[in-house]
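Just below is one structure, and these are the notes that go with it.
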Amino acid sequence: MKVYIKDYKQIKFGEFTGESFSDMLGKLFTGVERKEYDAVIAVSTFGGKLYNISNLALFIKEKYLRDCPNTYFFQNSIDALDVAYKLISKGIYKNILVVGADKFSQLTNSELEEILSSQLPEVEAEIGQTYLGRLALIQNYYLQKGLVKKEELYRISSENSKNGINNKFAQFQKEFSKEIIAKSQIVADPLRLLETSSFCDGACLLELTNEENDIEIDNFIQAKGKKDVDLEFSIFEQIGEIRKEFKDYDLYELSDITSFMQYIIQKKLGIKSNRINLSGGFKSCGNPIAASSLRQIIDLARFMKEDKIKKGLSVYLNGTCDSLAITSLKYD
């Protein structure tokens, strides 16, 4: 059975220290019709740990969707999207609401780093490795081997920042030149601040259905990699030969938690298009982790409908390189 995007909504991403996690969800659900959903699937990577909402799906049901009979809660958005896609494509449910929300603005930098480090393998966390530190080590390997040039990474960040200028939902709406990026603060050698994305507050929702609509989710593929550092990014090999088909799409939304991560996605899938991250990517939008993969799909669908673009691809690569989700959209 086919899976379609029926509706979507996103609130502005950013740092909103004066509002609670519940306030943020209230803004998301303002004006949303209380439709009859078969299930609500919710994702919050750190909501339970930070805000004592141990099951976001139940929280949403009790506050906004009392008549919804089924709830599913995940800490990983890739797993949530995979389950949502399968429940509809296999004919189990007709309408599902997928919600992603995370909030980081009330944390200090040290608290945020401690939270993010919980995603690292235990042995790395024990020796003091950090989330950005791990990404910097991988990037440095590619630089030292001559497999990528710094100028290429600065170009990626600069182009994404330029694309985000007119995105009203983005956290940052400012263009940075390659020269400014190259002179920005080093956060973990050789990774510079303006090559990275901001961990911020944000929420969005995606309504999926089996009823025919303009935007179809043509395919959803996920893969799980190793927790150990994988310098070859062999996770892309897991999706098989179909990956070769992904280089010829009309529009792309690619993860750029750092500019190097976007570079790797393009390299591994052979993407040479210049129509990438018209939203501004993570660089401009910010990265409320649980909402980011949904935001990518929403922005892709939005641009495809506005410009009548036939084929779009969203690629979400987890920042520690251990999970991958590829969503193919088709406009008709």
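Every read-out reported here was derived from the displayed coordinates using simple, explicitly stated rules and does not represent laboratory data. Model, not experiment: these values are computed from the prediction. A quick note on method: Cβ atoms are made from the backbone with ideal geometry, for glycine too, and the neighbour counts reach across all protein chains shown.
Helices that extend 15 Å or more along their long axis by alpha-carbon positions and average at least 0.5 on the Kyte-Doolittle scale are, among the DSSP H runs of the chain, 77-89. At 4 °C and 1.567 mPa s, grab the translational diffusion coefficient of the chain from Stokes-Einstein with a Kirkwood Rh over Cα pairs, rounded to a whole number in µm² per second. My calculation gives 65 µm²/s for D. Geometric descriptor of the stretch 30-87, per residue, is 86 Å³ (volume of the convex hull of the Cα atoms). Here the stretch 292-332 is scanned for amide nitrogen atoms under 12 Å from the site 7 Å beyond the Cα of D214 along Cα-to-Cβ, giving 301-310, 331-332. Note on E152 and S22: the model spin-label points, each 7 Å out from Cα along the C-beta direction, lie 5.0 nm apart.
On a 27 Å Cα-Cα criterion, which of the cross-link pairs K86/K267; K226/K305; K150/K283 come out too long?
K86/K267; K226/K305
Quotient of the Cα radius of gyration of the stretch 159-316 and 2.2 N^0.38 Å, N being its number of residues: 1.06. Taking GluC sites (Glu not before Pro) as exposed when their DSSP state is a loop state and no more than 13 other Cβ atoms lie within 10 Å, the longest site-free interval of the chain runs over 37-210.
Site pair K35 and K174 shows an inter-label distance of 3.8 nm when each label is modelled 7 Å from Cα along Cα→Cβ.
Counting beta carbons within 10 Å around each of S279, S158 and listing the fewest first gives the order S158, S279. Computed over the alpha-carbon atoms, the stretch 1-147 gives an Rg to Rh ratio of 1.05, Rh here being the Kirkwood radius from the mean inverse distance.
With a Förster radius of 35 Å applied to the C-beta separation of S234 and N52, the computed FRET efficiency comes to 0.35.
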